[in-house]
1. Have a look at the DSSP beta bridges in the chain and tell me what percent are antiparallel, nearest 5.
2. Is the shape of the chain best called rounded, prolate or oblate, per the rule: a/c under 1.5 gives rounded, else a/b larger than b/c gives prolate, else oblate, with a ≥ b ≥ c the square roots of the Cα gyration tensor eigenvalues?
3. What's the extension gain from residue 273 to residue 17 if we count 0.36 nm per residue and subtract their Cα-Cα distance?
4. Check which residues have an amide H placed less than 5 Å from residue 325's amide H, if you skip close sequence neighbours.
5. Can you give me the Cα centroid spacing of the range 288-353 and the range 259-280 in angstrom?
6. What does the net charge come to around residue 266 if you take all other residues with beta carbon closer than 12 Å to its beta carbon, with K and R at +1 and D and E at -1?
7. So, with a 1.4 angstrom probe, what is the percent of accessible area on the chain that is carbon and sulfur?
8. Can you work out the Karplus-derived ³J(HN,Hα) for every residue in the range 183-192? Use 6.51 cos²θ - 1.76 cosθ + 1.60 with θ = phi - 60°, whole Hz, and x for glycine or proline.
Amino acid sequence: MTKRVYNFSAGPAVLPEEVLREAAEEMLDYRGCGMSVMEMSHRSKMFQNIIDEAEADFRELLGIPENYKVMFMQGGATLQFAMVPMNLMKNRTADYILTGTWAKKACEEASLFGTANVIASSADRAFSYIPDCSDLPVSENADYVYICQNNTVYGTQFHKLPDTKGKPLVADVSSCILSEPMDVTKYGYVYGGVQKNVGPAGMVIGVIRDDLITEDVLPGTPKMMRFKTYTDNGNMYNTPPCYTIYICGKVFKWLKAMGGLPEMQRRNQEKAKLLYDFLDQSKLFKGTVEKDSRSLMNVDFITGDADMDAKFVAESKAAGFENLKGHRLVGGMRASIYNAMPLQGVCDLIAFMDRFEKENLK
Ligand SMILES: *Cc1c(COP(=O)(O)O)cnc(C)c1O
């Protein structure tokens, strides 16, 4: 018998069970072609249909306008930390908002190519909040303003986008992409690795406004790191991550069948509210993030006692709740409650935490 746990991993993370079952059924013989999607040529008609449908469904879910192009790339979000400056840093200057590990890494990478200014930061209070970005000292010659929109490690999220004073906004949405509706036109470039909230590891989806796709990239930028290489070649300049695209395509169809992003937002808000409300009344556990900066996707919490945290992680694992240990940089606990985490998983976790609290608060 198949045993499935509740997987609260930050990524790679839980996928919809329906999608996994469908993929299993199609594993040996994809729709009568006698082979799996892993084995077929990326130049075949069969695969062209898969990638075309995936892009069309993705565009439909986010309501992406004609003047934005969709890119399927490899190298993870981490390679984007370099691709962003290589493609967009024409004046060799960009402004970064530091809200955690991933923003910091992106900023450090950009400084290999030019001046990466830190124009706001929440480092002073251990990245437990999103700084006020309503009146930023945006550099006059900045090519873009960069944010990490949902901070996977610290559990904070921008609920209001910064005022970039007319500069293109670039955002890493790796851990919140497709969790709620998003107005793509507010961004110059937005990208996310898919292994958090969408599919298996191995791909980043980028959405870019077409005037930002140019030949005018930094000298020495390899072909595979130029946005234009992807948009000129239908995302198939070389062999794309075929199987990841196929699974992501299935997740897009699953999202559409669930009611699209407005419905996902409703569900995600419901799950997050239950968990945060529990934390707010608990006498043992407490959330680590300021209330108005809380992430819908990654919920960080602690007991305040490292031994008690370790006990909780061990006992929760034994009870079928996997991967609740916090990021190695911050300790404590983290429950990642992405799209595919069912409401029941969150309810069962809360019931378990409640029991644990009663047993351990004497
Ligand atoms: C996980 C993560 C990354 C790193 O992704 P890789 O695919 O491992 O390169 C970058 N940014 C955010 C917000 C993430 O959550």
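1. Values: 21 of 38 bridges.
If we restrict to bridges inside the chain, about 55 percent are antiparallel.
2. Details: a/c = 2.08, a/b = 1.17, b/c = 1.79.
Oblate is the answer for the chain, as a/c is 1.5 or above yet b/c matches or exceeds a/b.
3. Details: separation 256, 0.36 × 256 = 92.16 nm, distance 2.36 nm.
The span from residue 273 to residue 17 would gain 89.8 nm if fully extended.
4. Result for residue 325 returns 334.
5. 15
6. Local charge sum for residue 266: 0.
7. On the chain, the fraction of accessible area on carbon and sulfur atoms equals 52 percent.
8. In residue order, the calculated couplings are 8, 4, 5, 7, 10, x, 8, 9, 9, x Hz.
The values are calculated or read from the model by the stated rules, or taken from the named source; none is laboratory data. Everything numeric in this text was worked out from a predicted model, so none of it was measured. Note that each Cβ is placed from the backbone with ideal geometry, even for glycine, and that neighbours are counted across all protein chains shown. SASA here: full protein model, heavy atoms, side chains in, ligands and nucleic acids out. Shrake-Rupley method; radii C 1.70, N 1.55, O 1.52, S 1.80 Å.
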